[in-house]
Each structure stands twice: as structure tokens, then as C-alpha cells.
There are 2 protein chains.
Amino acid sequence: MATIRDVARAAGVSIATVSRVFNNQDLVNDETALRVMQAAVACDYWPNEAAKSLTTSHSNAFGVLLPDLFGEFYSEIIRGIDHRARQSGYQILLSSSHASNEDVLNAARAMLGRVDGLMMMTPDGASVETVERIRKRLPVVLLNPGFLAADCGAVSVDNFAGAKAATEHLLGLGHREIAMIAGPAGNSDADGRRRGYQAALAGFGLDPARAVIEPGDFRETAGHAAGLQLLGRTPRPTAVFAANDSMAIGLLGAARECGVRVPEDVAVVGFDDLTIARYLNPPLTTVTIDAYGLGRRAVALMLAAVEGDAGSPAVRETLPAVLTVRESCGTPRRAAVAQSPLLRR
Amino acid sequence: MATIRDVARAAGVSIATVSRVFNNQDLVNDETALRVMQAAVACDYWPNEAAKSLTTSHSNAFGVLLPDLFGEFYSEIIRGIDHRARQSGYQILLSSSHASNEDVLNAARAMLGRVDGLMMMTPDGASVETVERIRKRLPVVLLNPGFLAADCGAVSVDNFAGAKAATEHLLGLGHREIAMIAGPAGNSDADGRRRGYQAALAGFGLDPARAVIEPGDFRETAGHAAGLQLLGRTPRPTAVFAANDSMAIGLLGAARECGVRVPEDVAVVGFDDLTIARYLNPPLTTVTIDAYGLGRRAVALMLAAVEGDAGSPAVRETLPAVLTVRESCGTPRRAAVAQSPLLRR
DNA sequence: CACGGCGATGTAAACGGTTTCATAAAATTG
DNA sequence: CAATTTTATGAAACCGTTTACATCGCCGTG
């Protein structure tokens, strides 16, 4: 395939001129430029991006490291990242499923020289040391990090506040036996949500240590299994807070199978507000977070770090997580209504 | 940051030796290799992948061009691609949202030199010419292409057969007023599914031209809107085939809002078998396709083209789409039972 | 008219690796 | 022990760009 030399030869100029035509149009005489362009088209010349990266040490691409790609949540993040990046002419080098530190490090290594920065979401992987090791060579933006790393940008979702609001909503409706289906142990998102739930309970004078927490892994099946567990208990919890919508959906399925009505027999709250949440039966009350926006913001921070004044500080942003009330929690429980006239409808 | 020269200097060898240590370990003396490795660790040397690509003209990465990333379907494809690629040591350069030919071409251009092949899914974009233009420089594997391109691998889902089976299922249950919510016009997947639906109708002696087809775009909202339309018709269709699950879910939401029961008042079939389909209320009868497997197969074909014997033919695979019966279609309609004793339970 | 400045272009040195070829030392062979 | 093969390494070319610097007319100015 044609290289810049072929084009130069065809146009009767030097390779420098060809390069200038493609980069600094204005440095070269109009007629010459035209001649070069024609030659380039004739040769069907496509510049080699690897060579470009090498000389400019600049790739117009960002690396993205994700834990895994399950479900709409991650895919929305990627969508946000991709859209924002493309908008600024950047490409995305993707790599998912990173468990260990070694894994993350290898992935980062394999990206060196082909990306201008790295966005990482490793809720249960990567230690601070790993991140800082990478940071020595590349700008880094963390998504929902479980820790603070020096000199890295970070965008987080306010998992704690969202979970607290969700739980308080249930408490406000009069529920006291509120179980939770948790996310994977060691996952920072799951962690924040669990803490928010417990904080809400504590705020109402309930003992968080006595709370019923069923383990889960953010997948539908786990929600389903946990649901069967919880709904089989006596006394059965009157409400369940699932750490994400996928598990809430699994729970809804379990309830259906057990003949347990939602919200009459048990109230359900999720987290994420997947697109489908509003179309479920019943429509799911959940905590809305803007995964797409999370991705976009991450790129925005990265762009600031890469293109902005070198000394741009490591910005740290938190995106809100707000409760969206639909129908899966029903109306206030009778007992609660009796206690609090304000809640009467 | 340290380059190969720094390592060479630190180890007291030439850069050739360092390179050999990293690539053909066995060509160099054990002691020397050890010394080099130590020097590399001391310098914290990470090879520059762009430079590597330039000399070897080999990047260990594949480009992936997608229409957009909406919903679990696409994210599952990416997941399959990513997993399989990583398994063979390849990275993924992602780029989505390509509408026009020019768009696709630019994206491909921007990848030249940094990928060893291109996987494209452009259900409504890219013409054959565009694809073949790209094919001149890179191996290409198409996902669910609407056309045949010379010398390109292709993996497709049997949309036609799946849609036909779904529709025949409804016909078999006794339904005759079967409406469809279609996918976006010009989208080849949507197209295949619509054709399958019409073929099934025709096979039962019904006139496909008289079929009620509501337009859609594969999103929940469209399914919801189309659902309101369809359920408001008189006479109301007794069954609806949605071109994908997302729209079926929107439809389910609409039915709920209208007080129309599923499956008693209207039967619903979807397409895709999203993870959540089985947990819906009622569990959704749908056509199962293996999006994850689609991605994996695409990579497998690509690997064969890249690593295999140069003359590897352009393989063309079709993945099955099989009906998964759950509860959203209910039991045979009375009229049908009367007509066909075989259907009586 | 000599000269400084400018606009247009070419030359050549990077960028950071891999790989061919040459070479020297060591090992093997008859 | 000489001849030959093998092993280990280095020198240098090369991959396809960008860009600093040099060159060369040409124009306007004093």
C-alpha cells in the first residue's frame, strides 16, 4: 500500500511537503497542495497511524479498562465514553475482565504508546499502587474508584446517598423489616450501597448489624436466588432493597414464582434505573444514576488532563444518585399511616 | 521514560539483545538474559507498542465498528468479541455510531496501522463498495451484514428463521390477528425479522400485505408507543410479535397501563432473549440468539484470516435463532383448539 | 543595487522498536 | 589440531511518519 513516499513521488515533491499538506495545510502553496491531494487520492493513500503515534507520541486514543461488561450499566458507560471521545476525535481501546493487579498492569502495558490516557473502572481489582504505577506513564481517570489515588481524575456515583435515600423511602413508607440483596464482596459500588442502606437503618434507630443481607453478584440469577431465600423466611421481610436493578428483576421473578405480590406483599427498590425499569410489572422504584453521563464526564476529565494546561489538577467529581419512585413500593403501610398522619394520602 | 536503549545501556548490551530477550528468549545466553531482565525491571521498562506495530506491521488489535451500543444485545456482542480476542492476546479498538459511508471510512482510516483487522456491524450503514475499499487494506469480518462482500468473513444470526418460528408459534396457538412491531427501516436485522414474520403468515395462507406492522426502532419507548397504538385498535390484535425484546418490554408496559392482560388478552413474542426476559412478568416468550457467541465467532473467523494460511477463504457462518417458549403467549386459543384437536392440552 | 526578510520547499534526523547480516568466540568433528 | 559448525552478540538498516533546520528565490526597502 501507498506510503507518504509514494505520494511524494507521484506529486513530485518531498515527503515533508506531503506531510505538511495533511497537517499544516497553510504552510504550503495552494497549487502544490492541490497537486499533492490529487496524488494522494490517486494512490489511495491512508496515513499509517502507528507511525504517526510514534513520531508525535500522541495517539488520539484512550484506553478503557473495565471489570466486565455485564448488563446495561457498563454498556451505557462505554457508550458515554465512546460518544464523548469520538466527539473530540479520540478512539477507544477497550479491555475488560480484569481481576488481579497483574492483569490490570499487563493491560495497561499493552496499551502504552497507543493511548494518550487510561480510564479505569476496577471496582474490585487494582490497588492504589497499581494505579499509581500506571499514573507515572499515563494520565489516569478512575470511574467509581474505591480509593483515592494521587494525581488521578475520578468520577463517582454517589452510591451511599442513593442507597440511603432508597432505604429511607422504604422506612418512610412504614417498613421496618427491610432486607437487602448486596453486590459482590469487595466491590466498591456494592460497598457504598450497603453502607448507605445501613446508615439509613441506623438513622431510624434500627440496628444495622441485625439487618438481613443476602449476598449477590449484580446478576439476575443472584437476585432470583436471593429472592427465593428472602421470600421464604419467616417472618418475611416487608421490603427488599436490591443493590442493582438486575437483581431486583431477578427478585421480581422470584416473587412471581412464589405467588408473592409486589408491592402488596413485599416492596422492592432497585438501583441503576435501567431503561427497562419503568416498563416492568410493576414499574420499578429505583435509584437513577446516569451511567452514560458517567462515561462522558470521565472523558471530559481526561481531555482536560491531556489537552489542558499540563498542571491541571486531579479533578474529583461525584454524580448524584436520586430516587425515582414508581410503583414497586406501593403506598404507606397501615401501621405507618397510623403513626404519621402526614403520610396519609 | 526508559526506552530499549536505556535498558541496553544499563545491562551493557546492544539494543538487539534486549529486543531478543523480550521476543526470542532462547536466542540469548541465559546469564545475559537475566542481566537484561534485571536492567529492564530496574528501569521499569515498558515497550512502546506503537513502535512495535510500526516495525512488525502487526498490532495485536482488532478494530470493531458498531452502529450504536444501545442495549444488552450490542453489549453482549462486544463482550464476546473482547473475551475471545483477549484470550488470543488481542485488544479491541472500538468505534460506534456510524451512520454514513464516509463515517465508516473515516473510522477505518483512523485505525490503519493500529489494527490487524476490522470487524464491522453496520446494519444500516456502509455499502458494499465501502467495505471492499476497506478490505483492500485489512481483513474484514462482517456481523449480520445485509449483503455479501467479496473476500470478507461474515457471521450472521438467522433472523428470518427465528422470526418465522416465532410467528408460526403464534399461528399454531390459534392466533390470526398477529401484529408486528418492526425494527428501524433499512436495518438488515429488522428486515430479516420482518420477512420471517411475513413468510410465516403467507405460509398459513394469510396475506402478508394486510398484516398490521407498527414501526419501531428497537428501543423500549418505541415498543411502548407502538403498543399503545396496537392495543387501541379495534379489533385489537390477539398477538404481537416485537422485533426485539426491548420493544416487547415496552409493549408489556403499555399493556399494563391499558389494563390489557398478557397473555390472556394479547400474546407477546420478542426477539433476542435478553437476560431479563425470563424474569419478566409474565416471562417472555422470545427468540433466543447468542449475541455473545456471535462476537466470539467473529473473532474466531478473524483470527483464522490473520494467523491462518493467507489464502483462508472468506467463511460465512449463520448462527441459529431458536424459539424459547415461556408464558407470554399463554395456551392455545379456544377457536384454535376447536379447529385442531392436536393442540388440545 | 545590496540586503534583510519571508514564503515555499527539501534534507535529514529523530521516534522506539525488530531483524538481517556480519563477526567473534566456543564447541564439535574427523 | 585444523576445519567446520554452532552459539551469542553487535552494527546498522528499516518501518512511515513529523519536524527542526537549511536552502533558495523573490520581494520590498533604504
Worksheet item: What 222 nm value per residue comes from the helices of chain B, counting each DSSP H run with n ≥ 4 as -39,500 (n - 2.57) and dividing by all residues, nearest 500 deg cm²/dmol?
Response: -13500 deg cm²/dmol
Worksheet, complete the sentence: All alpha-carbon distances of the stretch B:4-45, grouped into 10 Å bins from 0, give the whole-percent distribution 37, 60, 3
Worksheet item: Relative to the first principal axis of the alpha-carbon coordinates of chain B, what is the inclination of helix B:291-307, with its axis defined by its Cα atoms, in degrees from 0 to 90 and to the nearest 10?
Response: 40
Worksheet item: What share of all Cα pairs of the protein assembly as shown, in percent, falls into each consecutive 10 Å distance bin?
Response: 3, 14, 21, 23, 19, 12, 6, 2, 0, 0
Worksheet item: Assigning unit charges at the beta carbon (Lys, Arg +1; Asp, Glu -1) and nothing else, what dipole magnitude in debye, to the nearest 20, does chain A show about its Cα centre?
Response: 580
Worksheet, complete the sentence: Out of B:Asp30, B:Asp265, B:Asp191, a Gaussian network model of chain B with alpha-carbon springs under 10 Å gives the largest mean-square fluctuation to B:Asp30
Worksheet entry | Whichever aspartates and glutamates have a C-alpha closer than 19 Å to that of A:Lys136, once near sequence neighbours (fewer than 8 apart) are set aside | A:Glu102, A:Asp103, A:Asp116, A:Asp151, A:Glu307, A:Asp309, B:Asp6, B:Asp44, B:Glu49
Item to complete: Output ³J(HN,Hα) for the stretch B:142-155: one whole-Hz value per residue in order, computed from phi by the Karplus curve 6.51 cos²θ - 1.76 cosθ + 1.60 with θ = phi - 60°, and x for Gly and Pro.
Response: 9, 10, 6, x, x, 8, 9, 10, 4, 6, 10, x, 7, 10
Discussion item. Whole-Hz ³J(HN,Hα) for each residue in the stretch B:37-51, computed from phi via Karplus 6.51 cos²θ - 1.76 cosθ + 1.60 with θ = phi - 60°, x for glycine and proline: what do you get?
Written reply: 4, 4, 4, 4, 5, 4, 7, 6, 7, 10, x, 7, 5, 5, 4
Fill in: Gained length - B:Asp151 relative to B:Arg109, 0.36 nm times residue gap less alpha-carbon distance
13.2 nm
Fill in: Amide proton proximity set for A:Ser156, modelled H, under 5 Å, gap of 5+
A:Asn144, A:Glu317, A:Thr318, A:Leu319
Practice prompt. Would you mind checking which residues have amide H under 5 Å from B:Ser59's amide H? H placed 1.01 Å from N; only 5 or more apart, or other chain.
Written response: B:Asp116
Worksheet item: Just for the Cα atoms in chain B, what are the lengths along the principal axes, largest first, rounded to whole Å?
Response: 90, 39, 34
Worksheet item: Most mobile of A:Ala211, A:Ala242, A:Ala200 per a Gaussian network model of chain A (Cα springs, under 10 Å)?
Response: A:Ala211
Worksheet item: Say we join alpha carbon atoms closer than 10 Å with springs in a Gaussian network model of chain A; which of A:Asn106, A:Asn24, A:Asn48 then has the biggest fluctuation?
Response: A:Asn24
Response to the item:
The alpha-carbon center of the stretch B:257-279 and that of the stretch B:1-59 are separated, in whole Å, by 59
Item to complete: Give me B:Thr285, B:Thr234, B:Thr275 ranked fewest to most by other Cβ atoms within 10 Å of their Cβ, as a rough exposure proxy.
Response: B:Thr234, B:Thr275, B:Thr285
Worksheet entry | Position B:Ala150, label points 7 Å along Cα→Cβ, spacing to each other copy in nm (shortest first, one decimal) | 6.0
Discussion item. Treating the point 7 Å from Cα along Cα-beta-carbon as the label, what are the nm separations from B:Val212 to the other copies, to one decimal?
Written reply: 4.5
Response to the item:
A correct Karplus calculation of ³J(HN,Hα) over the stretch B:238-244, with 6.51 cos²θ - 1.76 cosθ + 1.60, θ = phi - 60°, whole Hz and x for Gly and Pro, returns 8, 8, 9, 9, 9, 5, 7
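Coordinate-derived values only; no laboratory data. Note that this is a predicted model, so its numbers are computed, not measured. Note: ideal-geometry Cβ built from the backbone for every residue, glycine included; neighbour counts use all protein chains shown.
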